[in-house]
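Below is one structure, written out as structure tokens; comments come after it.
The values are calculated or read from the model by the stated rules, or taken from the named source; none is laboratory data. Bear in mind that the values here come from a model prediction, so they are computed numbers and not experimental data. When we count neighbours, we look across all protein chains shown, and the Cβ atoms used for this are built from the backbone with ideal geometry, even at glycine. Just so you know, the surface numbers come from the protein's heavy atoms only, side chains and all, with ligands and any DNA or RNA stripped out. Shrake-Rupley method; radii C 1.70, N 1.55, O 1.52, S 1.80 Å.
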Amino acid sequence: MPKTRIHTTVSPQTLRKIEELKKEYGTLSAVIEKAVELQYNSERASVVSNEDLILLGFVKELNFTLCAKDHYTALAEGDPDRAVKESMLEMAVKYISKKPISDLSLEELLENICTLWKILNRAEHAEVERDGNRLNFVFYHDMRSVAVSEIHLNLLKYIFDKYYSGKYRMRVDTVTVNGFSVVFETI
């Protein structure tokens with residue numbers, strides 16, 4: 001399809017941003033097309049505020065970790081069991097998967113948890129690997145704390161016990177200051 005030539009002016013700040021983006025996208029046209037596509041297709045483009053962008057910057061650049069207020073309160077009060085039970089992990093999985101957890105396979109649940117923990121900046125690395133009738137789940141973080149590893153493992157155990165313990169067996173392989181690995185096998 002033939003392209004249409006346009007001409008416009010931008011502020012010096014916008015031009016600097018465009019020059020940076022050209023390093024990734026190659027041409028001014030590609031930058032503009034990507035920006036328009038993102039703006040056009042984004043369901044939430046109109047509700048992203050400056051504060052939202054600052055929050056995203058904090059999480060990525062300042063290494064913040066996000067958690068729900070009830071979860072945070074329970075942790076601050078030294079009650080990790082309540083923190084697990086009041087975690088928003090179930091609701092967050094439902095939100096990103098667009099399905100009730102009961103409709104997800106164990107593998108789908110684990111993949112969604114990987115995604116969430118990466119988005120929330122809790123995981124440096126998280127992955128699910130299928131090996132026949134076994135699923136291997138690996139979670140790695142950079143917080144250097146067995147307690148952090150254990151609370152995330154307990155979050156996973158809580159959801160597993162609630163939804164999948166009748167079909168799978170869960171075996172904790174390792175727990176370290178940097179994470180854990182778990183094996184799930186069909187019963």
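Of I159, I101, I32, the residue with the greatest mean-square motion in the GNM of the chain, using alpha carbon springs below 10 Å, is I32. Angle of helix 50-61 to the longest C-alpha principal axis of the chain, folded into 0 to 90 degrees and rounded to 10: 60°. Against the main long axis of the alpha-carbon atoms of the chain, helix 28-41 sits at an angle near 50°. Restriction of the trypsin sites (Lys or Arg not before Pro) in region 119-159 to DSSP coil positions whose beta-carbon has at most 11 other beta-carbons within 10 angstrom yields R144. Counting Lys and Arg as +1 and Asp and Glu as -1 over every other residue whose Cβ lies under 9 Å from the Cβ of A74, the net charge comes to -3. Going Cα to Cα from K162, which aspartates and glutamates come in below 16 Å? Please leave out same-chain ones fewer than 8 positions away. Straight-line reach from K162, under 16 Å: D81, E86, E90, D103, E107, E108. Based on protein heavy atoms only, the chain ends up with 69 Å² per residue of surface accessible to a 1.4 Å probe.
When the accessible area of the chain is split by element with a 1.4 Å probe, what percent falls to carbon and sulfur?
That share works out to 54 percent.
Compared with the dominant Cα axis of the chain, that is its longest principal axis, helix 146-163 is turned about 80°. Gain on full extension, evaluated as 0.36 nm per residue between V47 and Y158 minus their Cα-Cα distance, stands at 36.6 nm. Extension gain, T27-E108: 0.36 nm per intervening residue step, less the Cα-Cα distance, totals 25.4 nm. Distance between the C-alpha centres of region 120-187 and region 20-85: 25 Å, rounded to the whole angstrom. The listed residues F184, F58, once ranked by accessible area (1.4 Å probe) with the largest placed first, stand as F58, F184. Once R0 is set to 25 Å, what does the formula 1/(1 + (r/R0)^6) return for the Cβ-Cβ distance between E129 and C67, expressed as a FRET efficiency to the nearest 0.05? Result of the calculation: an efficiency of 0.40.
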